[in-house]
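Right, one structure below, let's go through it.
Laboratory data are not the source of any read-out in this text; all were calculated from the coordinates shown. Bear in mind the structure is a predicted one, so any value in this text is a computation, not a measurement. Please note: Cβ atoms are built from the backbone with ideal geometry, for glycine as well, and neighbour counts cover all protein chains shown.
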């Protein structure tokens, strides 16, 4: 069975500081990994994905994520946080060849002005 | 361009009443379709997914069912709602082509069972 874990319910960061939202995965074979963001009462929006290739993946709104196979992690990062980045962030993953996409429990990011 | 429509946006239903939530996708063919439930604004639970007409995979035994009567239509149903069915329901689609992996989500339905 595949699973995705987000160990932090909430992350607080001051505006302008770098941010990291953590994600670890357990997916058989080659993992396909994703980050999504959700604003209140809205659907999820895609941020970035790792399928294959470079371990550092760049996405929307200045976000990036680093795939680390040895640590089975896919942490979301941004060099300088904005207040508008405050939202709920989801990590997701699936194994290649499978249709089921599994999501983590979400991490609430609060950027403090 | 592709779009996904999900309705209604909000729904208040009494316990024991039936449910039908509809999701349609435009601008693509043979999409993979998904129903997720989000409880209390947090984690997403995969309920059902479908890779084709009439093909439904159920992830969690529960009071709900899903159907795919047409290629781009995905319906979530219940014969008798329970209080525990309350939540935010999200429909999503994904292209079956390997080069396009991301999920596109609808705007969601907030279901309150009273």
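State, as an integer percentage, the relative contact order of chain B based on alpha-carbon contacts under 8 Å between residues 6 or more apart. Don't jump to the answer; show the numbers that get you there.
Working: 286 pairs, mean separation 40.3, N = 114.
Dividing the mean separation by the residue count of chain B yields 35 percent.
Within 10 Å of each Cβ in peptide B:78-91, how many partner chain Cβ atoms are there on average? Round it to a whole number, please. Please list the in-between numbers first.
Details: counts 0, 0, 0, 0, 0, 0, 0, 0, 0, 0, 4, 0, 4, 1.
Counting Cβ atoms of other protein chains within 10 Å of each residue's Cβ and averaging gives 1.
If each of residue B:55 and residue A:56 carries a label point 7 Å out from its Cα toward its Cβ, how far apart are those two points in nm?
Once both label points are built, they end up 4.0 nm from each other.
Pick from A:89, A:25, A:98: which is most flexible by mean-square fluctuation in a GNM of chain A where alpha carbon atoms under 10 Å apart are linked?
Between A:89, A:25, A:98, it is A:98 that shows the largest mean-square fluctuation.
Specify the inter-centroid distance of the stretch B:74-93 and the stretch B:1-60, based on alpha-carbon positions, in whole Å.
One Cα centre to the other: 7 Å.
What does the convex hull of the alpha-carbon atoms of the stretch A:1-104 project to on average, in nm²?
On the way: hull surface 26.6 nm².
Orientation-averaged projected area of the Cα hull: 6.6 nm².
With labels modelled as points extended 7 Å from the Cα through the Cβ direction, what inter-label distance (nm, one decimal) is found for residue A:72 paired with residue A:3?
So the two model labels end up 0.9 nm from each other.
If you build the convex hull over the alpha carbons only and average its shadow over all orientations, what do you get for the stretch B:55-114? Give it in nm² to one decimal.
On the way: hull surface 20.3 nm².
Orientation-averaged projected area of the Cα hull: 5.1 nm².
Using label points projected 7 Å from each Cα along Cα→Cβ, tell me how many nm separate residue B:84 and residue A:17, to one decimal.
Rounded to a tenth, the inter-label distance reads 4.0 nm.
For chain B, what is the convex hull volume of the alpha-carbon atoms per residue, in Å³?
Values: hull volume 10.9 nm³, N = 114.
Residue-normalised Cα hull volume stands at 96 Å³.
Taking one equal scatterer on every alpha-carbon of the protein assembly as shown, how large is log10 of I(q)/I(0) by Debye at q = 0.09, 0.10, 0.15 1/Å?
-0.37, -0.45, -1.00
Can you order the peptides A:10-18, A:60-68 by their average number of other Cβ atoms within 10 Å per residue, highest first? Walk me through the numbers before you get to the answer.
Numbers: A:10-18: 13.0, A:60-68: 16.3.
Going by the mean number of other Cβ atoms within 10 Å, highest first, we get A:60-68, A:10-18.
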